[in-house]
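Step one of this worksheet: look at the structure below.
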Amino acid sequence: HDYYPLYCGRINMDKERARHSVYAFKDGEKPFLWAKIFSLCIEQLPVFEEIRGNAVIIPIPASTRERNVQRYAAFCRIISKILKIEDGFRAIWIAHSREELKGTVGTDKLENIEFNAKYFRGKNVIAVDDVTTTGQSLIQMKQKLMELGAKSVMGVFMARTVDVQSED
(Lines give C-alpha, C1' and ligand atoms only; values in the text may rest on other atoms or scores of the structure.)
Protein backbone atom coordinates (compact mmCIF):
# COMPACT_ATOMS: atom_id res chain seq x y z
CA HIS A 1 0.00 0.00 0.00
CA ASP A 2 0.85 3.63 -0.28
CA TYR A 3 0.27 5.12 3.15
CA TYR A 4 -0.97 8.69 3.53
CA PRO A 5 -0.52 9.90 7.14
CA LEU A 6 -3.23 12.00 8.77
CA TYR A 7 -1.36 15.23 8.06
CA CYS A 8 -2.11 14.64 4.37
CA GLY A 9 -5.68 15.71 5.02
CA ARG A 10 -8.57 14.50 2.89
CA ILE A 11 -7.80 11.57 0.61
CA ASN A 12 -9.90 9.40 -1.67
CA MET A 13 -11.71 6.27 -0.44
CA ASP A 14 -9.06 3.78 -1.67
CA LYS A 15 -6.29 5.69 0.09
CA GLU A 16 -8.46 5.92 3.21
CA ARG A 17 -8.97 2.13 3.18
CA ALA A 18 -5.22 1.61 2.93
CA ARG A 19 -4.71 4.03 5.83
CA HIS A 20 -7.19 2.12 7.98
CA SER A 21 -5.53 -1.18 7.05
CA VAL A 22 -2.25 0.18 8.38
CA TYR A 23 -3.98 1.31 11.59
CA ALA A 24 -5.58 -2.13 12.01
CA PHE A 25 -2.19 -3.81 11.62
CA LYS A 26 -0.58 -1.38 14.09
CA ASP A 27 -3.36 -2.11 16.59
CA GLY A 28 -2.84 -5.87 16.31
CA GLU A 29 -6.23 -6.43 14.71
CA LYS A 30 -6.74 -9.43 12.40
CA PRO A 31 -3.28 -11.00 12.81
CA PHE A 32 -4.34 -14.05 10.76
CA LEU A 33 -5.32 -11.83 7.83
CA TRP A 34 -2.09 -9.82 7.88
CA ALA A 35 0.04 -12.94 8.35
CA LYS A 36 -1.62 -14.52 5.32
CA ILE A 37 -1.14 -11.38 3.19
CA PHE A 38 2.51 -10.98 4.22
CA SER A 39 3.16 -14.70 3.70
CA LEU A 40 1.76 -14.58 0.15
CA CYS A 41 4.07 -11.67 -0.64
CA ILE A 42 7.11 -13.30 0.97
CA GLU A 43 6.51 -16.58 -0.86
CA GLN A 44 6.68 -14.63 -4.14
CA LEU A 45 10.17 -13.31 -3.42
CA PRO A 46 12.56 -15.01 -5.88
CA VAL A 47 15.02 -15.86 -3.08
CA PHE A 48 12.50 -17.24 -0.58
CA GLU A 49 12.64 -20.93 -1.49
CA GLU A 50 16.42 -20.73 -1.39
CA ILE A 51 16.51 -19.28 2.15
CA ARG A 52 13.36 -20.88 3.65
CA GLY A 53 15.20 -23.70 5.43
CA ASN A 54 17.38 -21.25 7.34
CA ALA A 55 15.01 -18.28 7.70
CA VAL A 56 13.64 -16.48 10.72
CA ILE A 57 11.04 -13.73 10.83
CA ILE A 58 11.82 -10.78 13.12
CA PRO A 59 9.75 -7.62 13.56
CA ILE A 60 11.31 -4.20 13.39
CA PRO A 61 10.12 -3.19 16.85
CA ALA A 62 7.51 -0.65 17.80
CA SER A 63 8.44 2.17 20.18
CA THR A 64 7.04 0.51 23.33
CA ARG A 65 6.87 -3.06 24.65
CA GLU A 66 3.09 -2.90 24.76
CA ARG A 67 2.78 -1.79 21.14
CA ASN A 68 5.36 -4.33 20.06
CA VAL A 69 3.50 -7.22 21.69
CA GLN A 70 0.13 -5.95 20.46
CA ARG A 71 1.37 -5.59 16.89
CA TYR A 72 3.72 -8.52 16.45
CA ALA A 73 3.39 -11.38 18.98
CA ALA A 74 0.45 -13.18 17.34
CA PHE A 75 1.41 -12.01 13.85
CA CYS A 76 4.94 -13.51 14.07
CA ARG A 77 3.64 -16.76 15.56
CA ILE A 78 1.08 -17.16 12.78
CA ILE A 79 3.26 -16.12 9.84
CA SER A 80 6.12 -18.36 10.96
CA LYS A 81 3.72 -21.34 10.97
CA ILE A 82 2.34 -20.45 7.54
CA LEU A 83 5.81 -20.04 6.01
CA LYS A 84 7.32 -22.92 8.03
CA ILE A 85 10.16 -20.73 9.28
CA GLU A 86 11.37 -19.79 12.75
CA ASP A 87 9.48 -17.22 14.82
CA GLY A 88 12.00 -14.60 15.94
CA PHE A 89 9.63 -12.40 17.91
CA ARG A 90 11.76 -13.01 21.00
CA ALA A 91 14.98 -12.12 19.17
CA ILE A 92 14.59 -8.53 20.29
CA TRP A 93 13.54 -7.00 23.57
CA ILE A 94 12.54 -3.42 24.19
CA ALA A 95 14.57 -2.45 27.24
CA HIS A 96 12.65 0.81 27.68
CA SER A 97 10.03 2.72 25.75
CA ARG A 98 11.07 5.62 23.57
CA GLU A 99 9.33 8.31 21.59
CA GLU A 100 8.18 7.45 18.10
CA LEU A 101 10.91 8.18 15.58
CA LYS A 102 9.12 7.50 12.31
CA GLY A 103 10.40 9.57 9.44
CA THR A 104 13.59 10.60 11.23
CA VAL A 105 17.10 10.32 9.84
CA GLY A 106 20.31 10.39 11.87
CA THR A 107 18.70 9.00 15.03
CA ASP A 108 19.65 5.70 16.66
CA LYS A 109 16.35 3.85 16.36
CA LEU A 110 17.73 0.80 18.14
CA GLU A 111 19.13 2.48 21.27
CA ASN A 112 16.41 0.93 23.43
CA ILE A 113 16.63 -2.56 21.94
CA GLU A 114 18.40 -5.63 23.31
CA PHE A 115 19.19 -8.45 20.87
CA ASN A 116 19.17 -12.21 21.50
CA ALA A 117 21.59 -13.35 18.82
CA LYS A 118 20.74 -17.06 19.15
CA TYR A 119 17.63 -16.41 17.07
CA PHE A 120 19.44 -14.97 14.07
CA ARG A 121 23.12 -15.98 14.17
CA GLY A 122 23.82 -17.70 10.83
CA LYS A 123 20.21 -17.20 9.71
CA ASN A 124 18.52 -15.44 6.83
CA VAL A 125 16.40 -12.79 8.55
CA ILE A 126 13.14 -11.51 7.14
CA ALA A 127 12.47 -8.26 9.01
CA VAL A 128 8.84 -7.13 8.94
CA ASP A 129 7.38 -3.74 9.72
CA ASP A 130 4.14 -1.90 9.23
CA VAL A 131 5.31 1.20 7.38
CA THR A 132 8.57 2.36 5.86
CA THR A 133 9.12 6.09 5.54
CA THR A 134 12.86 6.73 5.19
CA GLY A 135 14.11 3.14 5.41
CA GLN A 136 16.32 4.03 8.38
CA SER A 137 14.82 1.43 10.70
CA LEU A 138 15.59 -1.37 8.27
CA ILE A 139 19.05 0.01 7.49
CA GLN A 140 19.95 0.17 11.19
CA MET A 141 18.36 -3.20 11.94
CA LYS A 142 20.17 -4.87 9.05
CA GLN A 143 23.52 -3.40 10.11
CA LYS A 144 23.05 -4.54 13.73
CA LEU A 145 21.83 -8.03 12.82
CA MET A 146 24.71 -8.54 10.40
CA GLU A 147 27.19 -7.38 13.07
CA LEU A 148 25.68 -9.93 15.44
CA GLY A 149 25.96 -12.80 12.97
CA ALA A 150 22.95 -12.88 10.66
CA LYS A 151 23.71 -14.42 7.27
CA SER A 152 21.41 -12.01 5.40
CA VAL A 153 18.62 -9.52 6.16
CA MET A 154 15.74 -8.40 3.96
CA GLY A 155 12.80 -6.17 4.81
CA VAL A 156 9.10 -6.59 4.03
CA PHE A 157 6.64 -3.80 4.76
CA MET A 158 2.89 -3.41 4.68
CA ALA A 159 3.06 0.13 3.31
CA ARG A 160 5.32 2.99 2.39
CA THR A 161 4.68 6.55 3.46
CA VAL A 162 3.90 8.81 0.54
CA ASP A 163 5.54 12.21 0.69
CA VAL A 164 2.68 14.37 -0.56
CA GLN A 165 4.99 17.36 -1.00
CA SER A 166 7.04 15.46 -3.58
CA GLU A 167 3.84 14.35 -5.35
CA ASP A 168 2.95 17.94 -6.29
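Looking at region 50-78 only, could you name the residues that are of a type in the set (Lys, Arg) and buried (at least 20 other Cβ atoms within 10 Å of the Cβ)?
Arg71
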_region 133-168, residues that are of a type outside the set (Asp, Glu), out of contact with any Phe, Trp or Tyr (no Cβ under 9 Å at 6 or more places or on another chain) and either farther than 21 Å from Gly88 by Cα or at pLDDT below 90 (or both)_ = Thr134, Gly135, Gln136, Ser137, Gln165, Ser166
*For region 1-26, which residues satisfy the criterion of being open to solvent by less than 90 Å² (accessible area, probe 1.4 Å), over 21 Å from the mean Cα position of the chain (by Cα) and hydrophobic (A, V, I, L, M, F, W, C)?*
Cys8, Ile11
*Just a yes or no: is a residue in region 105-125 part of a helix (DSSP H, G or I) and open to solvent by 50 Å² or more (accessible area, probe 1.4 Å)?*
yes
*What are the residues in region 32-49 that are under 23 Å from Gly149 (Cα atoms) and surrounded by 20 or more Cβ atoms within 10 Å (Cβ to Cβ), if any?*
Ile42
*region 84-100, residues that are outside any helix (DSSP H, G or I), open to solvent by 20 Å² or more (accessible area, probe 1.4 Å), of a type outside the set (Gly, Ala, Ser) and at pLDDT below 95*: Trp93, His96, Arg98, Glu99, Glu100
*Scanning for something touching a helix residue (DSSP H, G or I) at 6+ places or on another chain (Cβ under 7 Å) and of a type in the set (Ser, Thr, Tyr), does region 47-67 turn up at least one residue?*
no
*surrounded by fewer than 16 Cβ atoms within 10 Å (Cβ to Cβ), touching an Asp or Glu at 6+ places or on another chain (Cβ under 9 Å) and at pLDDT 95 or above: does that describe Lys81?*
yes
*Residue check for Glu29: free of Cβ contacts under 8 Å to residues at least 12 places away in the same chain and open to solvent by 60 Å² or more (accessible area, probe 1.4 Å)*: yes
*Within region 143-161, can you find the residues that are open to solvent by 10 Å² or more (accessible area, probe 1.4 Å) and within 28 Å of His20 (Cα to Cα)?*
Met154, Gly155, Val156, Phe157, Met158, Arg160, Thr161
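The values are calculated or read from the model by the stated rules, or taken from the named source; none is laboratory data. Just so it is clear, the structure is predicted and the values come from calculations on it, not from any experiment. Note: ideal-geometry Cβ built from the backbone for every residue, glycine included; neighbour counts use all protein chains shown. Calculation scope for accessible area: heavy atoms of the full protein, side chains included, ligands and nucleic acids excluded. Shrake-Rupley method; radii C 1.70, N 1.55, O 1.52, S 1.80 Å.
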